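To start, the structure itself, in structure tokens.
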Amino acid sequence: MTHPHSAWDTPVADLRGTSPALAPPADLHGHLMARLGGAARDWLDRALDEAAAQPGIHGPVTVWELRLAEAGRRCGPEHADAARVLILHAARAGTDAVTRVYFQGTAAERRAVLYALPHLVAGPDALPLVEDALRTNDTRLLAAAVGPYAARHLAPHHWRHAVLKCLFTGVPVDEITDLDRRAHADVELARMLGDYAAERTAAGRPVPEDLYRVLTLTDPTATPPAPAARQGARDSDAKES
């Protein structure tokens, strides 16, 4: 039998430390196939076949949604995010589907949805999911929320507050996709960072080292960063104001 995802059988990429949002699905698939045990590989192949055979959402729950819930137990916690992203991709989950999974799912399933957005949703329709995640204090959810989808579609005001939220909760700013480009010459972000640093200092609390790094990026006299490589084939660049 030829699997619908057989085109994913590409040379194995080493994606250790790479967010599932930044890796093409073909690379994610190769990465998992090289690292999962036989039973887990067989399970993932079946889950992907089921998702491809019945894409989208049907009724109160679809088979592939059940597989999302099983992924941690079947593939192990270290591979569950990537497995869930692949299942969402095979199911061709659009905005309605990812919204349902996000709001009905566990924190782990919500994180997978955020990672999958740049692979699935072309425009800004799924921003309410990102905005919801940014209201939490779950650092793993926050890190997933500031990926390439947010970099392209989150409005400047909300993006600046996302940067501050990362600093406040201790999420490393390395998690923020396209930080250099979006922070460059952002005078308002520089003002917000300065105010936050002053508040911390006045309260006798340390200022996060990452704050000074971001503040340096806002310098309008610095050389603008080179355009970032596109991540997530279905996205277009954000329109900022």
### Of all residues making up segment 157-207, the number that are outside any helix (DSSP H, G or I), free of Cβ contacts under 8 Å to residues at least 12 places away in the same chain and either of a type in the set (Val, Ile, Thr) or buried (at least 21 other Cβ atoms within 10 Å of the Cβ) (or both)
1
### Residue satisfying condition, being in a helix (DSSP H, G or I) and either modelled with pLDDT of 95 or more or farther than 24 Å from Leu142 by Cα (or both), within set Gly59, Gly30
Gly30
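Here is a yes/no grid of residues against (1) among the small types (Gly, Ala, Ser); (2) closer than 18 Å to Leu129 by Cα:
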{"position": "Val61", "(1), (2)": "no, no"}
{"position": "His79", "(1), (2)": "no, no"}
{"position": "Ala83", "(1), (2)": "yes, no"}
{"position": "Ile87", "(1), (2)": "no, no"}
{"position": "Arg100", "(1), (2)": "no, yes"}
{"position": "Ala112", "(1), (2)": "yes, yes"}
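Results for (1) on the phi < 0 side of the Ramachandran plot; (2) in contact with a His (Cβ under 8 Å, 6 or more places away or on another chain); (3) free of Cβ contacts under 8 Å to residues at least 60 places away in the same chain, shown as yes or no for each residue.
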residue: Ala122; (1), (2), (3): yes, no, no
residue: Glu131; (1), (2), (3): yes, yes, yes
residue: Leu134; (1), (2), (3): yes, yes, yes
residue: Asn137; (1), (2), (3): yes, no, yes
residue: Ala145; (1), (2), (3): yes, no, yes
residue: Leu154; (1), (2), (3): yes, no, no
### Task
Determine, yes or no, whether Glu50 is in contact with a Lys or Arg (Cβ under 7 Å, 6 or more places away or on another chain) and at pLDDT 95 or above.
yes
### Message
So for segment 49-61 (the condition being on the phi > 0 side of the Ramachandran plot and out of contact with any Gly (no Cβ under 9 Å at 6 or more places or on another chain)), does at least one residue qualify?
### Response
yes
### Summary
Of (1) closer than 17 Å to Pro20 by Cβ; (2) crowded, with 18+ Cβ neighbours inside 10 Å; (3) hydroxyl-bearing (Ser, Thr, Tyr), Thr106 satisfies every one except (2)
#### Entry: Residues (within 11 Å of Leu167 (Cα to Cα) and open to solvent by less than 40 Å² (accessible area, probe 1.4 Å)) located in segment 208-224
Pro208, Leu211, Val214
### Boolean, Ala122 is over 27 Å from Trp64 (Cα atoms) and open to solvent by less than 50 Å² (accessible area, probe 1.4 Å)
no
## Note on the structure
Every listed condition ((1) open to solvent by 20 Å² or more (accessible area, probe 1.4 Å); (2) part of a loop (DSSP other than H, G, I, E, B)) holds for Ala21 save (1)
#### Entry: Failed criterion for Ala93 (all others in (1) of a type in the set (A, V, I, L, M); (2) assigned to a loop (DSSP other than H, G, I, E, B); (3) over 17 Å from the mean Cα position of the chain (by Cα) hold)
(3)
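The values are calculated or read from the model by the stated rules, or taken from the named source; none is laboratory data. Worth saying up front: this structure is predicted, and the values here are computed from it rather than measured. Virtual Cβ from ideal backbone geometry, glycine too; neighbours counted across all protein chains shown. All accessible areas refer to the heavy atoms of the entire protein, side chains included, with ligands and DNA or RNA removed. Shrake-Rupley method; radii C 1.70, N 1.55, O 1.52, S 1.80 Å.
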